[in-house]
Amino acid sequence: MRFRKITFPLLTVVALGGASLLVPRALLGQEMGEDFMFQTPKVTLSINLGYGLRSAGSDLFDELISEFTLDKGDFQAPTVGGGVAFFLNERMDLAFEFSYSKSSSWSEYTEFVGTDDFPIEQETTFSQVPLTASFRYFLSDRGRSIGNLSWIPNTWTPYIGAGGGRIWYEFAQTGEFIDFLDPGCETEGCPIYNDNLLSEGWGWVGHAFGGVQWAISPQMVISAEGRYSLADADLDRAAFRGFEPLDLSGFQATLGFGVRF
């Protein structure tokens, strides 16, 4: 049995988390009272962490799972992201968001070994970065205005939404491979060679989501969200000739922290 590993951009998480702690208190203090804000908030800045379950439904994934010691779970990955949402009214936001995820797994051929009886190994990495715009609709008001000088938030508010944009991906396999097309395969055995197969590019993505937002103070919120994205993109023909577009779809669950002002 071979080990599998999943890499995660820890430095990015630390950087985003630190940035949220460095929001100037003086700036927030100008807009907020102890239990209310002096005006309806206009913007929410947020960061989130989560986990992505990738569909891995295209024919390239089918071949990898068939030939190597890989399964769909090897393409799942943690995610980190953030965004800015603009208040349109008490029920609607326009949000611009990004996220980053990367999986990395070691594998070997399931039915072949080298002439030295060692496994023929390779590493597969899969990265995604969606850049999207969404409309977020809250199923109840997020707060209420008292006169013209105060806004009091509700404790929790469910929401739904949809949007889309562009998604960048990188798919790579690095290591040892068998040349099944070599003329000497039937008589001398197929040769093993080292290679780095890489495909990267952009595709269109659409998504729908739902979640809940909790106000832990007038200016700070925590959210829990589930999101399904639908996307694919063409593969590099030099590295992955003859395959259909790469499936980039999947479900993502996240927890987020936001600051309103």
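Quick notes on this one:
- Fraction of accessible area attributable to carbon and sulfur, the range 149-261 (%, probe 1.4 Å): 58 percent
- Across the range 164-180, rounded Karplus estimates of 3J(HN,Hα) from the backbone phi angles (6.51 cos²θ - 1.76 cosθ + 1.60, θ = phi - 60°) give x, x, 10, 9, 9, 9, 9, 10, 9, 10, 10, x, 9, 9, 9, 8, 6 Hz, Gly and Pro being marked x.
- Accessible area in square angstrom per residue, the range 43-154, 1.4 angstrom probe: 45 Å²
- In order along the range 234-244, the phi-based Karplus estimate (6.51 cos²θ - 1.76 cosθ + 1.60, θ = phi - 60°) of 3J(HN,Hα) comes to 5, 8, 5, 5, 5, 8, 9, 6, x, 9, 6 Hz; Gly and Pro are listed as x.
- Each label was represented as a point 7 Å from its Cα along the Cα-to-Cβ direction; for C190 and I222 these points are 5.2 nm apart.
- Cβ-placed point charges (K, R +1; D, E -1), dipole of the range 131-186 about Cα centre in debye, nearest 20: 1020 debye
- Taking 0.36 nm per residue of separation and subtracting the Cα-Cα distance, full extension of the segment from L53 to F98 would add 14.5 nm.
- Local net charge near P130, Cβ-Cβ under 12 Å (Lys/Arg +1, Asp/Glu -1): +1
- For the range 163-254, the set of chymotrypsin sites (Phe, Trp or Tyr not before Pro) satisfying both a DSSP loop assignment and a count of at most 11 other C-beta atoms within 10 Å is given as F180.
The values are calculated or read from the model by the stated rules, or taken from the named source; none is laboratory data. As the structure is a prediction and not an experimental result, all values here were calculated from the model. Neighbour counts run over all protein chains shown; Cβ positions are idealised from the backbone, glycine included. The accessibility values were calculated without ligands, DNA or RNA, using every heavy atom of the protein model including side chains. Shrake-Rupley method; radii C 1.70, N 1.55, O 1.52, S 1.80 Å.
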